[in-house]
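Here is the structure we will look at, set down as structure tokens.
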Ligand code: GAR
């Protein structure tokens with residue numbers, strides 16, 4: 001049985017999708033061993049507890065700086081011997097040391113078609129730019145914010161009367177579909193990171209990931 005550790009800061013709908021996929025076998029032979037949040041009131045912690053999964057909360061104010069926080073977090077995560085660390089709406093910038101510690105076995109989902117719209121407010125920025133197409137990207141985490149090699153993207157349309165919530169709902173529906181799939185591929189070692197590239201079954205993926 002492989003171990004997954006999930007980091008969240010909020011609602012945890014992607015966490016829910018990952019937990020469901022472990023239950024249903026879409027992610028084969030794996031379990032969510034623990035869920036960590038930097039926010040005590042993250043609803044994802046409730047979701048995890050309801051599923052009988054161990055939860056941990058670390059508050060940034062208890063640490064002198066980002067490096068100290070991330071060192072403590074890494075130590076605690078290591079206790080679960082994770083095969084994969086999944087960032088699911090984890091809204092903290094990671095220290096270089098933390099990223100290097102989990103290099104090649106940490107993935108993130110970002111709500112845009114990377115490399116477009118790194119950072120925050122991606123749905124509104126896509127609407128403001130007049131984009132007709134938007135989406136989400138799953139990528140390996142590297143020290144560059146939202147810049148690691150993309151594994152898989154899903155596209156959604158933007159319609160003329162959409163607001164950011166409409167777009168977010170459409171994007172999240174796709175996130176819940178593709179994130180478990182990528183987690184499964186990673187745990188099966190079908191997708192690996194080498195250097196700054198992602199490989200699928202030995203083939204180097206293009207910047208937009210597997211298509
Ligand atoms: C997701 O849409 C995810 O793409 C985004 O936060 C949301 C979390 O939702 N992540 C980022 O913006 C990271 N840069 P959830 O808590 O319901 O899974």
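The values are calculated or read from the model by the stated rules, or taken from the named source; none is laboratory data. The structure presented is a predicted model; accordingly, all values stated were derived computationally and were not measured. In this analysis, Cβ positions are derived from the backbone assuming ideal geometry, glycine residues included, and neighbour counts consider all displayed protein chains.
Numbers at a glance
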{"read-out": "Yes/no for residue 154 being assigned to a helix (DSSP H, G or I) and in contact with a helix residue (DSSP H, G or I) (Cβ under 9 Å, 6 or more places away or on another chain)", "value": "no"}
{"read-out": "Conditions (1) surrounded by 15 or more Cβ atoms within 10 Å (Cβ to Cβ); (2) in contact with a helix residue (DSSP H, G or I) (Cβ under 9 Å, 6 or more places away or on another chain); (3) not in a loop (DSSP other than H, G, I, E, B); number of the one not met by residue 131", "value": "(3)"}
{"read-out": "Residue check, residue 66 surrounded by fewer than 21 Cβ atoms within 10 Å (Cβ to Cβ) and near the ligand (Cβ under 10 Å from one of its atoms)", "value": "no"}
{"read-out": "Sole residue being in contact (Cβ under 8 Å) with a residue 60 or more places away in the chain, surrounded by fewer than 16 Cβ atoms within 10 Å (Cβ to Cβ) and in a helix (DSSP H, G or I), chosen from 14, 20", "value": "20"}
{"read-out": "Checklist (1) under 25 Å from residue 21 (Cα atoms); (2) in contact with a strand residue (DSSP E or B) (Cβ under 8 Å, 6 or more places away or on another chain); (3) surrounded by 15 or more Cβ atoms within 10 Å (Cβ to Cβ) applied to residue 158, failing item", "value": "(1)"}
{"read-out": "Condition met for residue 42 (within 15 Å of the chain's Cα centre (by Cα), within 15 Å of the ligand (Cβ to nearest atom) and either closer than 17 Å to residue 107 by Cβ or modelled with pLDDT of 95 or more (or both))", "value": "no"}
{"read-out": "Given (1) in contact (Cβ under 8 Å) with a residue 24 or more places away in the chain; (2) within 16 Å of the ligand (Cβ to nearest atom), index of the condition residue 101 fails", "value": "(2)"}
{"read-out": "Qualifying residue in segment 50-68 (condition: under 18 Å from the mean Cα position of the chain (by Cα) and part of a helix (DSSP H, G or I))", "value": "no"}
{"read-out": "Selection status of residue 139, surrounded by 22 or more Cβ atoms within 10 Å (Cβ to Cβ), within 12 Å of the ligand (Cβ to nearest atom) and more than 19 Å from residue 33 (Cα to Cα)", "value": "yes"}
{"read-out": "Candidate set from segment 142-155 (those that are touching a residue at least 40 places away in the same chain (Cβ under 8 Å) and in contact with a strand residue (DSSP E or B) (Cβ under 6 Å, 6 or more places away or on another chain)); member that is surrounded by the fewest Cβ atoms within 10 Å (Cβ to Cβ)", "value": "155"}
{"read-out": "Test result for residue 118, part of a loop (DSSP other than H, G, I, E, B), away from the ligand (no atom under 15 Å from the Cβ) and either over 16 Å from residue 35 (Cα atoms) or touching a strand residue (DSSP E or B) at 6+ places or on another chain (Cβ under 6 Å) (or both)", "value": "no"}
